[in-house]
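Below is one structure; the comments refer to it alone.
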Amino acid sequence: MTTNVVLVLFNRMCAMAFLIKEAYRLAGRSFFIRDERGSATTEFVVIFPIIILMIFFIVSVSIFIATAGEVQQISYELARAAIGLVDGPQSNLDICTQLSADVLPQLLDAAIFVNADKLAPLAACPDQPLANRSISITVSYNLSGTALQDLASSVGLDFGTIVRTAHVQL
């Protein structure tokens with residue numbers, strides 16, 4: 001008798017499962033496939049912060065590269081301008097002092113990413129031109145306190161100081 005009761009209960013459970021499955025089929029939904037409503041929202045919530053961080057990282061590195069390029073261009077233009085000062089009428093004066101007073105302000109006016117306040121003053125260079133008839137100009141740019149450093153800090157980067165040197169052979 002116990003076996004009959006178990007078989008009857010099993011048959012009824014199978015019939016109920018069949019009826020539930022049939023009701024899902026008639027409703028247009030499959031019983032075994034999960035409901036995927038809201039999955040796009042969940043994926044968006046998970047992926048969106050990662051994409052935003054990647055964009056901040058790309059922007060930070062791009063601005064850093066542009067700033068480093070401008071600092072390099074400023075050092076190159078100063079070295080080029082120094083050629084005219086070596087052969088000019090005031091060749092006995094310090095070249096770096098003359099460059100800081102005459103050429104550097106014009107270059108900084110044309111610069112987009114370089115701030116004049118963050119550019120280290122050119123050190124006096126009375127030994128220019130060098131013994132091998134070349135001129136070497138070094139420019140340092142401090143990034144601390146700039147928007148670039150703040151943006152880089154938000155993604156874990158530290159850019160510090162950009163130092164570029166340009167050499168020109170006379």
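The values are calculated or read from the model by the stated rules, or taken from the named source; none is laboratory data. Source: prediction; values computed, not measured. Cβ placement follows ideal geometry from the backbone for every residue including glycine, while neighbour counts extend to all protein chains displayed. Surface accessibility is based on the protein's heavy atoms, side chains included, excluding ligands, DNA and RNA. Shrake-Rupley method; radii C 1.70, N 1.55, O 1.52, S 1.80 Å.
Overview of results
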read-out	value
Paramagnetic label zone (point 7 Å from Cα along Cα-to-C-beta, Leu157; backbone N under 15 Å) in segment 50-71	52-70
q = 0.23, 0.30 Å⁻¹: log10 I(q)/I(0) that the Debye formula gives for segment 116-161, counting C-alpha atoms only	-0.79, -1.04
Accessible surface, per residue, of segment 97-170 when the full set of protein chains is kept, probe 1.4 Å, Å²	56
Accessible area (Å², 1.4 Å probe, nearest 10) - Val114	10
Radius ratio Rg over Rh of segment 32-170, counting only Cα atoms, Kirkwood formula for Rh	1.29
Isotropic mean projected area of the C-alpha convex hull, segment 68-143 (nm²)	4.9
FRET efficiency, Met16 to Val45 (Cβ-Cβ, R0 22 Å, nearest 0.05)	0.05
